[in-house]
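Single-structure report; data block below.
The values are calculated or read from the model by the stated rules, or taken from the named source; none is laboratory data. From a predicted model like this one, the values you see are computed outputs, not experimental measurements. Glycine gets a Cβ as well: all are built from the backbone with ideal geometry, and neighbour counts include every protein chain shown. The protein model used for the area step is the full one, side chains on, heavy atoms only, and it has no ligands, DNA or RNA in it. Shrake-Rupley method; radii C 1.70, N 1.55, O 1.52, S 1.80 Å.
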Amino acid sequence: MAQDRFKYFRIEAREILDGLARGLLDLERQADPAVIARLLRLAHTLKGAARIVGHRELAELAHQIEGVLAPLRDAPAAGRHDAALALIDRMAAHVAAMQAPEPAAPDAQRLARSADPTPPPPPPRVDPGAIDDVLAGLAEIHTLVRRLRGVDDLAALGARIDQLERELRGVRQDAERLRLVAAGTSFTQLERTARDAAHASGKQVAFASSGGEVRVDAHVLATLHGALVQLVRNAVAHGIEPPDERVAAGKRAEGQVTVAVALHGSRIAVTCRDDGRGVDLEAVRRAVIARGVAADRARGLDRDQLIALLLRGGLTTSVEVTSLAGRGIGLDVVRDAAHGLGGEVTVRTGAGGTEITIAAPTSVAAVPALVLEGGDRIAAVPLAAIRRVARSAAMAILRGPDGLSVALDDVTVPLALLGRLLGAPGGAARAIVIVDGGDGLAALGADRVLGVDEIVVRALPAGAPVDPIVWGVALDAEGVPRPVLEPAALVAAIRALPPLPEPPVMRPPPILVVDDSLTTRMLEQSILESAGYEVELASSAEDGLARLATRACGLVLVDVEMPGMDGFAFIAALRAQPQLAQIPAILVTSRNRPEDRQRGTAVGAQGYVVKGDFDQSDLLDLIRRLVRR
C-alpha cells in the first residue's frame, strides 16, 4: 500500500483553514491588528506545510492570502473580506479532494448540494490531547507487558496484572473519547453560511452560538451539520427581514441568528432560532393550494397542520428560485437528518421569529460532570445543570409538611438525599447541590463531592429496568458502571418525593441556645428543630440562667462574647450550681485562639465550635453524643 503523504497534513490544514475563516469573520465585525498578525502566521504556516508535502497549489493559494492580509497590518479596518474567504474556499476544496470518496447521501441532500455554494461539512477533527493520552497509555501497557515476562513471584505477577488491567481500562476510555467530536467544530462554517446568505440577500445578520463544548458521536454531528446549514440559510432567506423593514417594525436593522447545541439526557438537541418575521403561514397555505390541495380544505388547515406540511417537503414560499431559496428542498434535508438519526423536528414560530429544533438520540456523549457520593452510591450529574454547591452548614435545611427543603435566595427548594433517590440506606447531607432541571430547581444532598470530571456516558439499552432519573452510565477507573443522572428527571423526582416519615417522637429536655445575635439564634434554632429537637432561646447569659431556673434543659449552646456575662462565666455559673452542673455545654464562638479553647475546657465546656469552621453535621453529631450521655 502506498504511503499517505497527506495523512497529518490534512489534519493540520483543516485546523488552519478553520482558524483563518474564524479570524476573517472576526475582522468583519471589528478591526484588530492582533487578529491580522495571527492570520498571517497561520497562512505562513500553511504555506510552509504545503510545500513540505509537495502541494504547490495550496502553497500558492496560502501565499495569495498573505498578499491580501499584509496591507491590513498598516491600515486595519473592519469590512468584508470576500477575496480572502474565496481563497479559503478554494484551499478547502483542495483539502477535501484528499479525502476518500463520500458515501451516497439521501436524495434530498444530493439535490441540495447540487445547488449549494457552501462547502461540504468539515470532517470530524480529533483532539490531539486525546491522541496523546491513548499513545501514553499504550506505551505504559507495553512497558508493563515487558516486565511481566521476567516475573516468577505469583504475588508480584498478580499485582502487575491488576496494574495492566487498570491501564487497559484507561486506554479504552481515552479511545472512546476519540470517536466524539465537539459541536463547536461546525460553528465557523455555520457563521460563514449566515454571513454569505446575508450578503447575497442584502440583509444584515449577526450570528451567535452556544454549546460548542458538547461532544457527541462524529456521525451524529456530521448529519446534524448538513441540516443546520439549511436551517441557517432558511433563517436568513425566509426569516430575517431587510434592514428597512426591520427598522420600520421597531427592530434593530441587524437580524440575529443563533445556533444552540445541548444534551438533554440521552438526546442531543440542536436549535436554530432567528428574530425575524416568523413563518408566513398564509404563503404556506398558498403553496399548498398550488400543489393541488383544494382551496376550501387548505383554508381549514391550522398552524400546526401547515407547519407539518412544510416539514413534509416540496413546498416553498419563495416567489422565485435563487441561490438561497425557491426549490422547496431545504427542509427535506432537515427532515431526512432527523429521521435518519431516529429523531424529530419541532417548530415554534410567531411575529418575534422562528425556532426549529432537531432532537435525536445519541448512544455516546462526553460531558463535564460533578461526581457525588451518597450512602454507598456514587453518581454523576452534568455540570451544566449545577447552579450551586455548598456545605450544608452554609445553607438552612428546613423540615416542613412537604418534606425537606433548603432556603435559597428568598425561596425554598425541595431537598432529597442522593442515597435515598438511588435506593441506598443511610447517607447525609454534608454537601448541598442545587440542580436546574430546566423548569425548576431542586437540591440534592450528598455525603461528599468527589470532584468534576469529563465522563463518557453510554446510553442505556432500550427497555432496561432503571429509574427514569438515570440518563446512562459511565465507567470509573476500575471499570465499574456509575449512574449519570438526567437533570430534568432528577428535579422532577425530588419534587415528587413523598415527605420523609416523621422521626420518632423525641422528648428529651429542650436545648437552650444562648446568643445575643438574633441571626445566630434563628439559624441554630432552625438546624436543631430540623433535627427533631425542641429549642429554648435566650438573648443573654443572664436570661439563660433565668430560664434554666424554671425549666430543665438537656444541653446548652452558648456564645462567648456577649454583653454582661460572657460564655465562659455562664458555664462556670452552671458548674457552680449542683442542679445545673451536669448539663452539657457547647461554646459556639468566632474566637479560635488556643488559650480560648483551653479556657473553655477549664470552665467545663464539652465542645468548642468555631463559627468560621462551622459544620452542621459535625455539630449535630456532637449534640447527639452529649444528649445520649
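Residues to consider are R22, R10; find the one that is at pLDDT below 85 and within 18 Å of S186 (Cα to Cα). Steps first, answer last, please.
Numbers: R22 fails: at pLDDT below 85.
It is R10.
Got a sec? Which of D217, D302 is surrounded by fewer than 21 Cβ atoms within 10 Å (Cβ to Cβ) and free of Cβ contacts under 8 Å to residues at least 60 places away in the same chain? Break it down stepwise before answering.
Values: D217 fails: free of Cβ contacts under 8 Å to residues at least 60 places away in the same chain.
Being surrounded by fewer than 21 Cβ atoms within 10 Å (Cβ to Cβ) and free of Cβ contacts under 8 Å to residues at least 60 places away in the same chain holds for just one of D217, D302, which is D302.
Take the range 77-93 and flag every residue that is out of contact with any helix residue (DSSP H, G or I) (no Cβ under 8 Å at 6 or more places or on another chain) and over 14 Å from R195 (Cβ atoms).
If the condition is that a residue be out of contact with any helix residue (DSSP H, G or I) (no Cβ under 8 Å at 6 or more places or on another chain) and over 14 Å from R195 (Cβ atoms), then A77, A93 are the ones that fit.
Can you pull out every residue in the range 539-549 that is open to solvent by 20 Å² or more (accessible area, probe 1.4 Å) and either hydrophobic (A, V, I, L, M, F, W, C) or modelled with pLDDT under 90 (or both)? Explain how you work it out, then say what you get.
First, pick out the residues of the range 539-549 that are open to solvent by 20 Å² or more (accessible area, probe 1.4 Å): 539-540, 542-543, 545-547, 549.
Across the range 539-549, the qualifying residues are L545, A546, A549.
From the list A359, A365, exactly one residue is modelled with pLDDT of 90 or more, crowded, with 17+ Cβ neighbours inside 10 Å and in contact with a strand residue (DSSP E or B) (Cβ under 6 Å, 6 or more places away or on another chain). Which is it?
On the way: A365 fails: modelled with pLDDT of 90 or more.
Of A359, A365, the one residue that is modelled with pLDDT of 90 or more, crowded, with 17+ Cβ neighbours inside 10 Å and in contact with a strand residue (DSSP E or B) (Cβ under 6 Å, 6 or more places away or on another chain) is A359.
Mind listing whichever residues of the range 372-411 are open to solvent by 40 Å² or more (accessible area, probe 1.4 Å), among the hydrophobic types (A, V, I, L, M, F, W, C) and over 20 Å from the mean Cα position of the chain (by Cα)?
Answer for the range 372-411, where residues must be open to solvent by 40 Å² or more (accessible area, probe 1.4 Å), among the hydrophobic types (A, V, I, L, M, F, W, C) and over 20 Å from the mean Cα position of the chain (by Cα): A394, L398, A407, V411.
Would you be able to tell me the number of residues in the range 266-287 that are buried (at least 21 other Cβ atoms within 10 Å of the Cβ) and in a loop (DSSP other than H, G, I, E, B)?
4
Give just the number: which of (1) touching a strand residue (DSSP E or B) at 6+ places or on another chain (Cβ under 9 Å); (2) under 27 Å from E454 (Cβ atoms) does T188 not satisfy?
(1)
Looking at the structure I just gave you, is V181 at pLDDT below 85, within 24 Å of A365 (Cβ to Cβ), out of contact with any helix residue (DSSP H, G or I) (no Cβ under 6 Å at 6 or more places or on another chain) and open to solvent by less than 30 Å² (accessible area, probe 1.4 Å)? I'd like the intermediate steps shown before the answer.
On the way: at pLDDT below 85: yes; within 24 Å of A365 (Cβ to Cβ): yes; out of contact with any helix residue (DSSP H, G or I) (no Cβ under 6 Å at 6 or more places or on another chain): no; open to solvent by less than 30 Å² (accessible area, probe 1.4 Å): yes.
So V181 fails the test.
Of the conditions (1) in contact with a helix residue (DSSP H, G or I) (Cβ under 8 Å, 6 or more places away or on another chain); (2) outside any loop (DSSP other than H, G, I, E, B); (3) farther than 21 Å from L622 by Cβ, F568 satisfies every one except a single condition; which number is it?
(3)
Going through the range 419-445 one residue at a time, which ones are modelled with pLDDT of 85 or more, closer than 23 Å to D621 by Cβ and in a loop (DSSP other than H, G, I, E, B)?
Scanning the range 419-445 gives a single hit, R430.
Out of all the residues in the range 591-625, which are part of a loop (DSSP other than H, G, I, E, B) and surrounded by 14 or more Cβ atoms within 10 Å (Cβ to Cβ)?
We begin by selecting, within the range 591-625, every residue part of a loop (DSSP other than H, G, I, E, B); these are 591-593, 604-606, 614-615.
R591, G604, A605, Q606, F614, D615 - these are the residues of the range 591-625 that are part of a loop (DSSP other than H, G, I, E, B) and surrounded by 14 or more Cβ atoms within 10 Å (Cβ to Cβ).
Please work out which residue is modelled with the lowest pLDDT, limiting yourself to the range 329-354 and to residues that are crowded, with 18+ Cβ neighbours inside 10 Å and among the acidic types (D, E).
Going through the qualifying residues, I end up with D332.
In the range 288-297, is there at least one residue being at pLDDT below 85, surrounded by fewer than 19 Cβ atoms within 10 Å (Cβ to Cβ) and either of a type in the set (S, T, Y) or part of a strand (DSSP E or B) (or both)?
First, pick out the residues of the range 288-297 that are at pLDDT below 85: 288-297.
Those left that are additionally surrounded by fewer than 19 Cβ atoms within 10 Å (Cβ to Cβ): 289-297.
Filter once more, keeping what is either of a type in the set (S, T, Y) or part of a strand (DSSP E or B) (or both): none.
Checking the range 288-297: not a single residue is at pLDDT below 85, surrounded by fewer than 19 Cβ atoms within 10 Å (Cβ to Cβ) and either of a type in the set (S, T, Y) or part of a strand (DSSP E or B) (or both).
Can you run down the residue pairs with Cβ atoms below 9 Å, 6 or more apart or on separate chains, where the first is in the range 412-428 and of a type in the set (V, I, T) and the partner is in a strand (DSSP E or B) and buried (at least 19 other Cβ atoms within 10 Å of the Cβ)?
What qualifies is T412/S405; T412/V406; V413/S405; V413/V406; V413/I434; V413/L441; V413/A442; V413/A443.
Could you tell me whether any residue of the range 524-538 is closer than 13 Å to G567 by Cβ, of a type outside the set (D, E) and either modelled with pLDDT of 90 or more or open to solvent by less than 20 Å² (accessible area, probe 1.4 Å) (or both)? Before the answer, list the steps.
Narrowing the range 524-538 to residues closer than 13 Å to G567 by Cβ: 538.
Narrowing further to those that are of a type outside the set (D, E): 538.
Checking which are either modelled with pLDDT of 90 or more or open to solvent by less than 20 Å² (accessible area, probe 1.4 Å) (or both) leaves us with 538.
Yes.
In the range 193-225, what residues are out of contact with any Gly (no Cβ under 8 Å at 6 or more places or on another chain), assigned to a helix (DSSP H, G or I) and more than 16 Å from R273 (Cα to Cα)?
D196, H199, A200, S201, A218, H219, V220, L221, A222
Checking D439 against (1) more than 24 Å from V214 (Cα to Cα); (2) open to solvent by 70 Å² or more (accessible area, probe 1.4 Å), only one condition comes out false. Which one?
(1)
With the condition being within 35 Å of the chain's Cα centre (by Cα), I'd like the helices (runs of 4 or more DSSP H) fully within the range 1-99 carrying at least 3 qualifying residues. It would help to see each step written out before you state the result.
Details: elements: 7-29, 33-52, 56-69, 82-97.
Here the list reads 7-29, 33-52, 82-97.
Name the residues in the range 23-57 that are among the basic types (K, R) and surrounded by fewer than 17 Cβ atoms within 10 Å (Cβ to Cβ), would you?
To start, the set of residues in the range 23-57 that are among the basic types (K, R) comprises 29, 38, 41, 47, 51, 56.
Of everything in the range 23-57, those that are among the basic types (K, R) and surrounded by fewer than 17 Cβ atoms within 10 Å (Cβ to Cβ) turn out to be R29, R38, R41, R51, R56.
Select from the range 581-590 the residues that are crowded, with 17+ Cβ neighbours inside 10 Å and more than 41 Å from the chain's Cα centre (by Cα) and list them in ascending order. Quick ask: steps written out before the conclusion?
The initial filter retains those residues of the range 581-590 that are crowded, with 17+ Cβ neighbours inside 10 Å, namely 583-589.
Result: I583, P584, A585, I586, L587.
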